[in-house]
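Worksheet: one structure, shown below.
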Amino acid sequence: VPVDFHARYDCKGKEYVYKIWNSPQRNPFLHVRYLHYKKPLDVDLLNETAQSFVGKHDFSAFCASKATVDDFVRTVEYAKVTREEEEVCFVVKADGFLYNMVRIMVGTLLEVAEGKIAADGIREIINSLERENAGRTAPAHGLYLNKVFYQE
């Protein structure tokens, strides 16, 4: 790499994975690494809803209120929800992320699953630019930085 290479500032994008153990029974081997969510999740509904995150948007509503950044615009390349048996994963790739952005996205999707937020309401939340319109912040123990991209 060049001498002036910076691992954080030269990155072109990141991919995060948020892992949920979706079962009435807690998995003793995963309880500190996954969010345990007992109620059944409609992965098809959540995956369809997650598509509203894709694109270039001001994600002020999906950022912790204490954030001290100047620009809240990020471009999400993809967002998807998948299931493999009891494991549900939210995977999102963007050119950058705001503080708690992925955890708030997941919390919002869980509120969609619970019927507290309309499945077609994500765009309205994004456009509102208001944190209080988005869902809760999911716990940190399900969040993983999966990939860092340095080339486009």
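The values are calculated or read from the model by the stated rules, or taken from the named source; none is laboratory data. What you see is a predicted model; the values in this text were computed from it and never measured. Note that we place each Cβ from the backbone using ideal geometry, even for glycine, and neighbour counts take in every protein chain shown. Each accessible area value is taken on the protein alone, full model and side chains, heavy atoms only, with ligands, DNA and RNA left out. Shrake-Rupley method; radii C 1.70, N 1.55, O 1.52, S 1.80 Å.
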Exercise. Taking the Cα-to-Cβ direction at LYS147 and at SER23 and moving 7 Å from each Cα, how far apart do the two end points lie in nm?
Worked result: 2.8
For this session: Report the GluC sites (Glu not before Pro) located in the stretch 1-85 that are in a DSSP loop and have at most 12 other Cβ atoms inside 10 Å of their Cβ, or state none.
Result: GLU85
For this session: Could you please state, rounded to a whole Å, how far the C-alpha centre of the stretch 83-139 is from the C-alpha centre of the stretch 39-79?
Result: 6
Problem set entry | Cα-based reach from LYS38 at 16 Å (exclusive), listing aspartates and glutamates while leaving out same-chain residues under 8 positions away | GLU84, GLU85, GLU86, GLU87, GLU111, GLU114
For this session: Count neighbours as other Cβ atoms within 10 Å of each site's Cβ, and list the trypsin sites (Lys or Arg not before Pro) in the stretch 1-98 that are DSSP loop with at most 14 such neighbours.
Result: ARG8, LYS12, ARG26, ARG33, LYS38, LYS66
Exercise. So what is the 222 nm mean residue ellipticity for the chain from helices alone, if each DSSP H run of at least 4 adds -39500 (n - 2.57) and you divide by all residues, rounding to the nearest 500 deg cm²/dmol?
Worked result: -5500 deg cm²/dmol
Exercise. Dipole of the stretch 100-152, Cα-centred, from +1 at each Lys and Arg C-beta and -1 at each Asp and Glu C-beta, to the nearest 20 debye?
Worked result: 200
Exercise. What full-extension length gain, to one decimal in nm, is calculated for THR82 and ASP4 as 0.36 nm per residue of separation minus the Cα-Cα distance?
Worked result: 24.2 nm
Problem set entry | Within the accessible area of the stretch 1-146 (1.4 Å probe), percent carbon and sulfur | 49
For this session: Would you work out which of SER60, LEU35, THR49 lies farthest towards the positive end of the dipole of the stretch 1-73? Charges go on Cβ: Lys and Arg +1, Asp and Glu -1.
Result: LEU35
Problem set entry | Residues of the stretch 84-104 with amide N under 13 Å of a point placed 7 Å along Cα→Cβ from THR75 | 94-96
Seminar exercise, completed: Partner aspartates and glutamates whose C-alpha sits under 14 Å from that of LYS93, ignoring same-chain residues fewer than 8 away, are GLU15, GLU77, GLU152
Problem set entry | Antiparallel DSSP beta bridges within the chain, percent to nearest 5 | 90
Problem set entry | Per DSSP, loop chymotrypsin sites (Phe, Trp or Tyr not before Pro) in the stretch 28-96 with at most 11 further Cβ within 10 Å | PHE29
Seminar exercise, completed: Measuring from its Cα centre, the chain shows a charge dipole (+1 at each Lys and Arg Cβ, -1 at each Asp and Glu Cβ) which, in debye to the nearest 20, is 500
Exercise. Among HIS141, GLY107, SER128, whose Cα lies farthest out toward the positive end of the dipole of the chain, if unit charges sit on the beta carbon of Lys, Arg (+1) and Asp, Glu (-1)?
Worked result: HIS141
Exercise. Which ³J(HN,Hα) values, rounded to whole Hz and listed in residue order, are derived for the stretch 34-47 from phi using the Karplus coefficients 6.51, -1.76 and 1.60 in 6.51 cos²θ - 1.76 cosθ + 1.60 with θ = phi - 60°, glycine and proline given as x?
Worked result: 10, 7, 8, 10, 6, 6, x, 10, 8, 5, 5, 4, 5, 5
Exercise. Past the 20 Å Cα-Cα mark, which pairs from LYS39/LYS116; LYS12/LYS147; LYS12/LYS66; LYS39/LYS147?
Worked result: LYS12/LYS66; LYS39/LYS147
